[in-house]
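The values are calculated or read from the model by the stated rules, or taken from the named source; none is laboratory data. Nothing here was measured: the structure is a model prediction, and the numbers come from that model. Cβ coordinates were reconstructed from backbone atoms using ideal geometry, including for glycine residues, and neighbour counts include every protein chain displayed. In case anyone asks, the SASA skips ligands and DNA or RNA and just uses the protein heavy atoms, side chains included. Shrake-Rupley method; radii C 1.70, N 1.55, O 1.52, S 1.80 Å.
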Amino acid sequence: EHADREQEIGEVIRLLATTRLLTLTGPGGTGKTRLALRVGADVLSEFGDGVFFVDLSAVTDPALVASAIAQAAGVQEVAGQPILEALKDHLRDRELLLVVDNFEQVEEASPVLEELLTGTPKLKVMITSRVVLALRGEQEYPVPPLTPPDPDRLPDLPTFSRIDAVRLFTDRALAVQPEFRVTERNAPAVAAITARLDGLPLAIELAATRTKVLAPEQILPR
């Protein structure tokens, strides 16, 4: 399991209870997608008709967004009917959550989301985006980077190992180097790496993959 982020998960779930359109914002690599997926899994039982993940990472044409959502939600296209209409018909009385990932590159398609929400009283939408969309009723949650340990004041090893940034580094390192362990000896280097990368999950993951050939003490100067 990846870095925990229990606090952020709790905050997002609370926000989702009070809003129908929630946007997780932040620069690339802050872990927005992973946080959205964790929240989606946690609230699954609260949506009678399920949680659907819409991956827009490969979609660059705003005109294709309605189709991408329809495909994810299992909506069949009907000849002669605009896909957005088919989608609204399908979702009208359904109680579900759409998790729409990477919206910043199809920002002009935001009216599609507004239209869906208007006609479907039980639908909720959670978006990940580098920018807030400024839609009616939209609530923003800026995803913070992980808090790295202070390299100058390291806690004991068990506490250190539980810090989210360290856990993420360890998980990634184990994936490429099953022998990897955080030890008294490499802990200062691991702490310094996560701090120097400002707690950005993507950067920490990329650094950790180098443990396949290098010790953390060797990664740090690079």
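Please work out which residue is most open to solvent (accessible area, probe 1.4 Å), limiting yourself to the stretch 104-135 and to residues that are in a loop (DSSP other than H, G, I, E, B) and in contact with a strand residue (DSSP E or B) (Cβ under 8 Å, 6 or more places away or on another chain). Steps first, please.
At the first step, the residues of the stretch 104-135 found to be in a loop (DSSP other than H, G, I, E, B) are 120-123, 130-135.
Still in the list and also in contact with a strand residue (DSSP E or B) (Cβ under 8 Å, 6 or more places away or on another chain): 123, 130-133, 135.
Values: L123: 1, R130: 140, V131: 62, V132: 64, L133: 17, L135: 21 Å².
Top of the filtered list is R130.
Please determine, by comparing only the residues of the stretch 136-152 that are assigned to a strand (DSSP E or B) and of a type in the set (D, E, K, R), which one is farthest from E11 (Cα to Cα). The qualifying residue farthest from E11 (Cα to Cα) is E138.
In summary, A79 fulfils each of the numbered conditions (1) of a type in the set (A, V, I, L, M, F, W, C); (2) touching a helix residue (DSSP H, G or I) at 6+ places or on another chain (Cβ under 6 Å); (3) farther than 21 Å from D49 by Cα with the single exception of condition (2). All of A17, A36, A41, A58 fail the test of being assigned to a loop (DSSP other than H, G, I, E, B), over 20 Å from H90 (Cα atoms) and not polar (S, T, N, Q), apart from A58. Out of the residues in the stretch 1-58 that are of a type in the set (G, A, S) and more than 22 Å from G74 (Cα to Cα), which is most open to solvent (accessible area, probe 1.4 Å)? Restricting to residues being of a type in the set (G, A, S) and more than 22 Å from G74 (Cα to Cα), the top hit is A17.
Counting residues in the stretch 91-100 that are under 22 Å from L22 (Cβ atoms), part of a helix (DSSP H, G or I) and open to solvent by 70 Å² or more (accessible area, probe 1.4 Å) gives zero.
Contact map, the stretch 12-38: first residue within 13 Å of I127 (Cα to Cα), second residue open to solvent by less than 10 Å² (accessible area, probe 1.4 Å) and of a type in the set (S, T, N, Q), Cβ cut-off under 7 Å, separation 6 or more or different chains; pairs are T23/S129; L24/T128; T25/S129; K32/T128; T33/T128; A36/T128. Note on the stretch 162-214: residues that are over 20 Å from the mean Cα position of the chain (by Cα), small (G, A, S) and either over 24 Å from T33 (Cβ atoms) or surrounded by 19 or more Cβ atoms within 10 Å (Cβ to Cβ) (or both) amount to 5.
Using the structure shown, decide if A63 is open to solvent by 50 Å² or more (accessible area, probe 1.4 Å) and under 19 Å from E107 (Cα atoms).
Details: open to solvent by 50 Å² or more (accessible area, probe 1.4 Å): yes; under 19 Å from E107 (Cα atoms): yes.
Answer is yes for this residue.
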